[in-house]
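Peer 1: If you scroll down you'll find the structure; I have some questions about it.
Just so it is clear, none of the values below were taken in a lab; they were calculated from the coordinates. All values derive from a computational prediction rather than experimental measurement. All Cβ positions, even for glycine, are placed from backbone atoms using ideal geometry, and neighbour counts span all protein chains on display.
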Amino acid sequence: MKRNILVTGGAGFIGSHVVRRLVNAYPDYLVVNLDKLTYAGNLANLKEVENRPNYRFVKGDICDRELLRDLFARHAIDGVIHLAAESHVDRSIHDPLTFARTNVMGTLALLEAAHEAWNGAWEGKRFHHVSTDEVYGALGFDGTLFTERTRYDPHSPYSASKASSDHFVRAFHDTYGLPTVVTNCSNNYGPYQFPEKLIPLFINNIRHGRPLPVYGKGENVRDWLYVEDHARALDLVFHEGHTGETYNIGGFNEWRNIDLIRVLVRTVDRLLGREEGASDGLITYVTDRAGHDLRYAIDSRKLKDELGWEPSLQFEEGIEKTVKWYLENQAWMDEITSGDYESYYERMYANR
Ligand code: NAD
Ligand code: DAU
């Protein structure tokens, strides 16, 4: 079957893996990537597919309703995979309005555009909203997991904006019948992640002998999933998920930050041929993130039971691949950590 899919945020970290996967796996589809190219959007992430006949890039804002109307009509869009967002918790603490604008109003503009374009002809249509486990709030150390029925309890401006967007998506399903699916995923890692996030930031800092700023005591727990496993889950849910449903996606792979950081230090040092423990002294405890959620952990059994998805990579293998990728792609890293980005980092660190 031919399909015309609008992917939003396809020049970002996860979006670029989704676009690459769709363009490679479905030569008969047209994949239209709408991205504003904020600081986090990078077309270098998509070099592999940029000249493919089944791929189009459109630079634009998901809040631009005229542009959305035009894209739906011009490309006869029948599916949306919506990833565009402001995604970094620390930034949301300093600039919540930008998060409300893109994550809430942008999602609403996209929902309205799909509703208007499809206008009740729902057959063969799908609006897939990509969300986060952070909407569920924080867990204690009691072994419980977030399920699809866990009550929403967001704490950061980022997670509050994502929670709000999830509610709008469900409201469009319940009110107008828009054929939606929502996925809520845990922390992703892998190639092409912007180096403001823990794993790429720390790999780069270890390489250059810079301090590793561990928030608080480093005891917070995250559930890590290799990004290509997330992209595979999104492909599956987009095509086979049940309309109106929510699916949690996670790695069953919980790590305390400090333990994960020690793995990163050991792996980078080993791959660079340094002595074991050479970079241990870079670990620096700094003031905690405001409202720092203690623990996230996803129960993804519904996705396994209904659609047969499971993570494919063991964490040790995924981390090895990831560290190697960043070390071998220093030019990619240097390009985005030069100029304006450098001063952004300096500002952030000066405030800690
Ligand atoms: P990212 O910050 O790397 O990429 C976001 C992309 O969206 C960028 O290319 C950016 O240019 C684009 N964008 C931002 N505002 C836009 C706007 N107004 N209009 C059009 N494009 C815009 O983010 P990511 O980590 O790849 O996350 C993608 C999605 O997945 C987000 O919705 C995020 O909430 C969700 N998510 C992320 C993770 C994670 O661990 N990174 C986990 C679960 C869910
Ligand atoms: O859980 C899914 C979420 O994972 C996504 O929705 C978000 O878009 C994504 O950014 C990520 O959020 P986190 O806040 O968990 O990721 P981050 O990489 O920023 O931080 C991971 C953990 O490491 C967190 O407990 C904070 C800590 N940390 C982070 C940075 C950047 C540090 O200790 N030091 C740091 O410098």
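Peer 1: Kindly write out, for region 112-126 in residue order, the coupling ³J(HN,Hα) from the Karplus curve 6.51 cos²θ - 1.76 cosθ + 1.60 (θ = phi - 60°), rounded to whole Hz, with x marking Gly and Pro.
Peer 2: 5, 5, 5, 4, 5, 5, 8, 6, x, 7, 7, 3, x, 9, 7
Peer 1: Set the bar at 31 Å for Cα to Cα. Now go through 197/302; 125/321; 2/304; 36/302 and name every pair that lies beyond it.
Peer 2: Numbers: 197/302 28 Å; 125/321 36 Å; 2/304 27 Å; 36/302 34 Å.
Pairs exceeding 31 Å: 125/321; 36/302.
Peer 1: Additional query: Determine ³J(HN,Hα), in whole Hz, for all residues of region 52-65 in sequence, where each value follows from phi through the Karplus function 6.51 cos²θ - 1.76 cosθ + 1.60 and θ = phi - 60°; x replaces Gly and Pro.
Peer 2: Each residue's phi maps through the Karplus curve to give 6, x, 9, 10, 10, 10, 10, 7, x, 9, 5, 7, 8, 5 Hz.
Peer 1: Can I ask one more? Give me, ordered by chain and number, the residues 5 or more places off residue 214 or on other chains with an amide H under 5 Å from its own placed amide H.
Peer 2: 284, 285, 286
Peer 1: Taking every pair of alpha-carbon atoms in region 183-324, give the share separated by more than 28 Å as a whole percent.
Peer 2: In whole percent, the share of Cα-Cα pairs in region 183-324 beyond 28 Å is 24.
Peer 1: Report, ordered by chain and residue number, the aspartates and glutamates lying within cross-link reach of residue 217, taken as a straight Cα distance under 15 Å and ignoring same-chain residues fewer than 8 apart.
Peer 2: Within the straight-line cut-off, residue 217 pairs with 259, 288, 293.
Peer 1: Could you go through region 12-24 in sequence order and give the Karplus-derived ³J(HN,Hα) for each residue, using 6.51 cos²θ - 1.76 cosθ + 1.60 with θ = phi - 60°, rounded to whole Hz, and x for Gly and Pro?
Peer 2: Per-residue couplings from phi come out as x, 5, 5, x, 5, 5, 5, 4, 4, 4, 5, 4, 6 Hz.
Peer 1: To continue, here is another question. On a C-alpha basis, how far is the centre of region 7-37 from the centre of region 248-276 in Å? Whole number, if you could?
Peer 2: Centre-to-centre distance over Cα atoms comes out at 29 Å.
Peer 1: Another question, then. Dipole of region 197-237 (Lys/Arg Cβ +1, Asp/Glu Cβ -1, origin at the Cα centre): which of 198, 214, 233 lies farthest to the positive side?
Peer 2: Going by the charge dipole, the pick is 214.
Peer 1: Amide H of residue 249 versus every other amide H placed in the peptide plane: which residues, excluding those fewer than 5 positions away on the same chain, fall under 5 Å?
Peer 2: Distant-sequence amide H within range of residue 249: 184, 185, 186.
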